[in-house]
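Undergrad: Quick one: the structure is below, and I'll ask about it shortly.
The values are calculated or read from the model by the stated rules, or taken from the named source; none is laboratory data. Quick caveat: nothing in here was measured; it's all calculated off a predicted structure. Methodologically, a virtual Cβ is constructed for each residue, glycine included, from the backbone with ideal geometry; neighbour enumeration extends over all protein chains shown. Protein only, heavy atoms only, side chains kept; ligands, DNA and RNA dropped before computing areas. Shrake-Rupley method; radii C 1.70, N 1.55, O 1.52, S 1.80 Å.
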Amino acid sequence: MAYILGIESSCDDTSAAILENEHIRANLIANQKVHEAYGGVVPELASRAHQQCIVPVIDSALKQAGLTAQDLDAIAFTRGPGLLGSLLVGTSFAKSMSLALNIPLIEVNHLEGHILSHFIKETEDSPVPEFPHLCLLVSGGHTQIVLVKSPFDMQIIGRTIDDAAGEAFDKSAKIMDLGYPGGPVIDRLAKEGNPNAFVFAEPRISGYDYSFSGLKTSILYLIRDQLKVDPDFIEKNKNDLCASIQYTIVKILMKKLCLAAKDLNIKTITIGGGVSANSAMRSAIVETGQQLGWTTFVPPFQYTTDNAAMIAIAGYFKYLNHNFCGLDVVPFAR
């Protein structure tokens, strides 16, 4: 039996989690509301907030798990990618705690954490994906199709060549002045709209790669041109705009995923990252899976956003493999 502490500080959420082997004992997240006033994450403010939150969050996670620091067997932390200042806070604290407790230190790639989040067990009989499987990893900064052969063997077979799908959601919301973060607002308003009300440009990229810059431009130009005709265009068509934008993004994502699954003859499909919380995206994966005979895995909402439980599960696999790192490890932004 191993108790793994996970620390996640890649962006604007400070999170700590405790796993007992692959079973969740605690997963706490301190959100930073300060960024809402700026319409996006301010890196300097994020790193300062991490410094304030990291001790109480870890302390609360240990208490929730019914453990003390001396019970821990290893500490896993997000090494990157992310905001460098934020990563430095988590990395430095993990090093200090590892040194003080004389327990192994495990560095984790943030994206691999999202992919492996499906292996967190909330109950003894929680189903987990088989290997190999395909993971559609979609967030504000990344859009990838990953062939997952094992916890240590992952191959990116498709990625965005410019902007990420999550960024397309957030930038579209910004154009319509819907607030930050914009993705959840679009998801909510889209439920009352017509997904076929507006047609936007779709990329023509070969292979399994994605592109969303052209879609963002198409959305911007349509709204700009319509506002010249009717200054109240956004307000009058807000729900339909959101539904059409969401429908187009999900359609683009699913088209390449279906192509990759067919070409590689893989029937186990997972999804991860912040955009996996989107209701249309979740429905599309499940419904397409039912049509094509996939076994699909959609993460619980608490594991879609940045969280330390996914870092802990990735760390647990590395712990079993004795894949530790030294105190000289440094974070990486990209």
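Undergrad: Take every Cα-Cα pair in region 60-147 and report what % of them are more than 23 Å apart.
TA: More than 23 Å apart: 40 percent of the Cα pairs in region 60-147.
Undergrad: So, one more: Sorted by accessible area with a 1.4 angstrom probe, largest first, how do HIS50, HIS23 fall?
TA: Result, largest first: HIS23, HIS50.
Undergrad: Quick check: at a probe of 1.4 Å, how many percent of the accessible area of the chain sits on carbon and sulfur atoms?
TA: Its accessible area is 51 percent carbon and sulfur atoms.
Undergrad: Where does region 1-121 land on Rg/Rh, using Cα atoms and the Kirkwood Rh?
TA: Rg divided by Rh gives 0.96.
Undergrad: Next question, about the same structure. In sequence order, what are the phi-derived ³J(HN,Hα) couplings for region 69-82 according to the Karplus relation 6.51 cos²θ - 1.76 cosθ + 1.60 with θ = phi - 60°, rounded to whole Hz, with x for glycine and proline?
TA: Here the 3J(HN,Hα) series is 4, 5, 7, 6, 9, 6, 10, 9, 9, 6, 8, x, x, x Hz.
Undergrad: Still on this structure: Using every alpha carbon pair in the chain, what percent of pairs falls into each 20 Å bin from 0 up to the bin containing the largest distance?
TA: Taking all Cα pairs of the chain, the binned fractions are 32, 55, 13, 0 percent.
Undergrad: Using only Cα atoms and rounding to the nearest 10 degrees, what angle (0 to 90) does helix 84-101 make with the longest principal axis of the chain?
TA: The angle comes out at about 20 degrees.
Undergrad: With axes computed from alpha carbons, what is the tilt in degrees of helix 213-229 against the longest principal axis of the chain, rounded to the nearest 10 within 0 to 90?
TA: Compared with the principal axis, the helix lies near 40 degrees.
Undergrad: Peptides 92-104, 295-307: what's the order by average Cβ count within 10 Å, highest mean first?
TA: 295-307, 92-104
Undergrad: Additional query: Go through PHE324, THR295, GLN246 and say which Cα lies farthest out towards the positive end of the charge dipole of region 188-334; charges sit on Cβ, +1 for Lys and Arg, -1 for Asp and Glu.
TA: Looking along the dipole axis, the top candidate is THR295.
Undergrad: Keeping all protein chains in place, calculate the accessible area per residue for region 200-307 (probe 1.4 angstrom), answer in Å².
TA: Here the residues of region 200-307 average 47 Å² of exposed surface.
Undergrad: Would you please give the residues with an amide H less than 5 Å from that of THR160, counting only those at least 5 places away or on a separate chain, with H modeled from the backbone geometry?
TA: Sorted by chain and number, the residues that satisfy this are THR143, TYR210.
Undergrad: Return the sequence-ordered ³J(HN,Hα) values of region 300-314 in whole Hz as given by the Karplus equation 6.51 cos²θ - 1.76 cosθ + 1.60 applied to θ = phi - 60°, using x for Gly and Pro.
TA: x, 4, 5, 10, 7, 7, 4, 8, 7, 4, 5, 6, 5, 5, 5
Undergrad: OK, next. How large are Rg and Dmax for region 176-264 when only the alpha carbon atoms are used, in Å?
TA: For region 176-264, the Cα radius of gyration and maximum Cα-Cα distance read 14.4, 49 Å.
Undergrad: Given the pairs LYS95/LYS171; LYS121/LYS262; LYS121/LYS171, which span a C-alpha to C-alpha distance of over 32 angstrom in this model?
TA: Pairs exceeding 32 Å: LYS95/LYS171; LYS121/LYS171.
Undergrad: Write down the percent of antiparallel bridges among all DSSP beta bridges whose residues are both part of the chain, to the nearest 5.
TA: Within the chain, antiparallel bridges account for around 60 percent of the total.
Undergrad: Quick one: helix 279-292 against the long Cα principal axis of the chain, what's the angle to the nearest 10°, folded into 0 to 90?
TA: Taking Cα atoms only, the helix is inclined about 90 degrees.
Undergrad: Apply the Karplus parameterisation 6.51 cos²θ - 1.76 cosθ + 1.60, with θ equal to phi minus 60°, to every residue of region 20-27 and state each ³J(HN,Hα) to the nearest whole Hz, in sequence, with x for glycine and proline.
TA: Calculated HN-Hα couplings, in order: 9, 6, 9, 9, 6, 10, 7, 7 Hz.
Undergrad: Now for a separate question. Before rounding to the nearest 500, sum -39500 (n - 2.57) across all DSSP H runs of length at least 4 in the chain and divide by the residue total; then give [θ] at 222 nm in deg cm²/dmol.
TA: Result for the chain, helices only: -14500 deg cm²/dmol.
Undergrad: Of all beta bridges DSSP finds with both residues in region 1-145, what is the antiparallel percent, to the nearest 5?
TA: Of the beta bridges lying entirely in region 1-145, close to 65 percent run antiparallel.
Undergrad: Another question, then. Can you give me the C-alpha center-to-center distance between region 248-281 and region 147-166, rounded to a whole angstrom?
TA: 12
Undergrad: Leaving out ligands and nucleic acids, and using a 1.4 Å probe, what accessible area per residue does region 136-190 come to in Å²?
TA: Accessible surface, normalised per residue, equals 40 Å².
Undergrad: If you don't mind, there's one more thing I want to ask. Order 149-157, 209-217, 228-236 from most to least packed using the mean count of other Cβ atoms within 10 Å.
TA: 209-217, 149-157, 228-236
Undergrad: Turning to a different aspect of this structure: Treating only the Cβ atoms of Lys and Arg (+1) and Asp and Glu (-1) as charged, compute the dipole magnitude of the chain about its Cα centre; round to the nearest 20 debye.
TA: 540
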